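Taken together, the values in this text are just the output of simple stated rules run on the coordinates, not laboratory data. Predicted model, so just to flag it, every value in this text is computed and none were measured. Reconstructed Cβ throughout: ideal geometry from the backbone, glycine too, with neighbour counts over all protein chains shown.
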Amino acid sequence: MTSVSAPFTVAENAGLSLLARAEIVGRESAGPAAAEVDREGRFPHEALDALRVHKLLNCAVPVDQGGEGVSLGELCAVARILGRYCASTAMIFAMHQTQILSLVRHSTPGVTAFVAEAVANDYLIASATTELGTGGDVRSSVCAVARDGEAVSLTKNAPVISYGEYADAILVTARRTADSPPSDQVLVVCRRGDVTLEPTGNWDTLGLRGTCSPGFVLTATTSADLVVGAAYSEISSRTMLPVSHSVWSAVWLGIADAAMEKARSFVRSVARRSPGVTPPGALRLAEAAAVHQQFADLVAASAARFDAAASAQDESMSGMGFSLAMNNLKVTASTLVVDLVNRAMLICGIAGYREDSQYSLGRHLRDAHGAAVMVNNDRIMNNSAQLSIAYRGTL
Amino acid sequence: MTEQVIRKVLGEHAKLSVDSMALDPAADLYELGLTSHASVNVMLALEDAFDVEFPDELLRKSTFASIGAIRSALTELGAA
């Protein structure tokens, strides 16, 4: 009864590359739980624990702030691997990275201290950017920050806060002051302990069920130095939009990877049964592979566009060409993921349609349809339409 | 003269929360409610009013951040 057991140690990080760690999290934690997470619409706790163990939550934080300083391209590679195993886990990872990069890249002293705290404790960070009454426009707020000396408070009626209940902090957008117009927003860091979340609905969706994103009335009181100094318009155009569209697209690419793997293995099994005869699905597989390649190249090129501009502190990041390119990425990737899962479904046929076969594509198909509706493609294309009137360059 | 035209364009297209005629030339238009959507309309109206075309390198947020910034962009284009 008094035996002292050696502390449980995980052979973590010992020389393992970023992608190898992502693969372990996917294969050992996210993948095995994916079906249950999806069915029950529950938070993927085991995958999040594994992301913490393998130090993947903070990998994009610069080295001098305790992270690994990985590029957006590398982040996308991790998101893609996770997406292949569990799209909900991958989306949570992607959204978290967008939040932490927003803080790192638009830092002020209070925020820097918070990032250090977040890195030291492996915080999971959520965001509340949509609000009832704005018609889905994240660049417009109804709620406003109220200042009282060193304290600030706000109340927001948010139609969705992804994994809000499980996050250690939530980044909330609000009007700068009670007198500010709807578009003059700031980003406020709220520690979970300073936040009250009153649920206003359930999260019973077709796909991405494990992101656990119901609506809440959020009430928070935090300190004035946790109001990020930069205007939210800057944070949004330079970091939140390009980073989120890139990492989300990488997640969707991961879903497409999973569907392609099933299609490929299905065609191969048919081919094995009739040696010497090319199975009918092989042609469809070849066609799908060509689309898949475009998709992968688009995600990689878009992340590289961001990394090149970010390292140069390039003014082009606030330009229209950059915004248009990132809008196009999101719309194209979210369309291609559905296209590729559909192609895989036709290749696998009834085996893909069944819920109880090794080629089952139901979860991927349902998750894939989340892509076009989260930040609705029509809203993005309307924004692009306006920019297109002005833009004269080539993308 | 130039500044008056800029103010008029802002009044018609910028959807600010304040009167564009009484604005400080250095005031941040984005803080006063200018959105990227509205800034495109402002740009088109300025092109019309001054018979110029904004090249791509000027199509960024900072170009339309204040009356002063718009004015210097127009100067750069030889319009004012």
Per residue of A:385-395, how many C-beta atoms from partner chains lie within 10 Å of its own C-beta, taken as a mean?
4
FRET efficiency, 1/(1 + (r/R0)^6) with R0 22 Å, evaluated for A:Ala301 and A:Asp339 via beta carbons:
0.70
Over the Cα atoms of the range A:164-297, what is the Rg over Rh ratio if Rh follows Kirkwood?
1.20
Would you list, by chain and number, the aspartates and glutamates whose Cα falls below 13 Å from the Cα of A:Lys262, excluding same-chain residues fewer than 8 positions away?
none
Round to the nearest 0.05 the FRET efficiency obtained for A:Asp168 and A:Ser388 when R0 = 35 Å and r is the Cβ-Cβ distance.
0.30
Report Rg (one decimal) and Dmax (nearest whole number) for chain B, counting Cα atoms only, units Å.
11.0, 30
Where labels lie 7 Å past Cα in the beta-carbon direction, separation of A:Gln293 and A:Val217 in nm
5.6
Distance from the range A:136-163 to the range B:6-42 (C-alpha centre basis), Å
25
Please report, in debye to the nearest 20, how large the charge dipole of chain A is about its Cα centre when each Lys and Arg carries +1 at its beta carbon and each Asp and Glu carries -1 there.
1240
What does the structure give for B:54-61 when I average, per residue, the other chain Cβ atoms found within 10 Å of the residue Cβ?
6
Just counting partner chain Cβ atoms within 10 Å, what average do the residues of peptide B:62-69 show around their Cβ?
1
Fully extended contour minus Cα-Cα distance, from A:Glu40 to A:Asp356, at 0.36 nm per residue
112.1 nm
Relative to the longest principal axis of the C-alpha atoms of chain A, give the angle of the C-alpha long axis of helix A:31-40, reported between 0 and 90° and rounded to the nearest 10°.
70
Among A:40-50, A:379-389, A:239-249, A:357-367, the order from most to least packed when residues are scored by Cβ within 10 Å on average:
A:239-249, A:357-367, A:40-50, A:379-389
Relative contact order of the range A:239-337, please, whole-number percent, based on alpha carbon pairs below 8 angstrom and at least 6 residues apart.
48
In whole Hz, with x marking every Gly and Pro, tabulate ³J(HN,Hα) for the range A:121-138 from phi via Karplus 6.51 cos²θ - 1.76 cosθ + 1.60, θ = phi - 60°.
10, 6, 5, 9, 10, 10, 9, 10, 10, 8, 8, 5, x, 10, x, x, 7, 6
Enter the per residue convex hull volume of the range A:144-232, computed from alpha-carbon coordinates, in Å³ rounded to the nearest integer.
99
Measuring from centroid to centroid over Cα atoms, what is the spacing of the range A:276-303 and the range A:354-395 in Å?
19
Taking every pair of alpha-carbon atoms in the protein assembly as shown, what share in percent sits in each 20 Å bin, from 0 to the bin with the longest distance?
23, 52, 22, 3, 0
List the chymotrypsin sites (Phe, Trp or Tyr not before Pro) in chain B that DSSP assigns to loop (not H, G, I, E or B) and whose Cβ has at most 15 other Cβ atoms within 10 Å. Which are they?
none
Of the listed pairs B:Lys8/B:Lys61; A:Lys156/A:Lys330; A:Lys330/B:Lys61, those with alpha carbons more than 24 Å apart are A:Lys156/A:Lys330
Multiply the residue separation of A:Glu117 and A:Asp378 by 0.36 nm, subtract the distance between their alpha-carbon atoms, and state the gained length in nm to one decimal.
90.1 nm
With N set to the residue count of the range A:58-197, report its C-alpha Rg divided by 2.2 N^0.38 Å to two decimal places.
1.08
Quick one: if you stick a label point 7 Å off each Cα along the C-beta vector at B:Ala79 and A:Ser265, how many nm between them?
6.0
Pairs of Cα atoms farther than 21 Å apart, the range A:268-374, %
51
Provide the packing ranking of A:90-102, A:255-267, i.e. peptides ordered by the mean count of other C-beta atoms within 10 Å per residue, highest first.
A:90-102, A:255-267
Most mobile listed residue (A:Arg284, A:Arg139, A:Arg272) in chain A, GNM with C-alpha springs under 10 Å:
A:Arg272
Taking 0.36 nm per residue of sequence separation and subtracting the Cα-Cα distance, how much length would be gained by fully extending the chain between A:Arg284 and A:Leu132, in nm to one decimal?
50.3 nm
Suppose a student asked you for the relative contact order of the range A:72-211, using Cα pairs under 8 Å spaced at least 6 residues apart; what percent would you report?
22
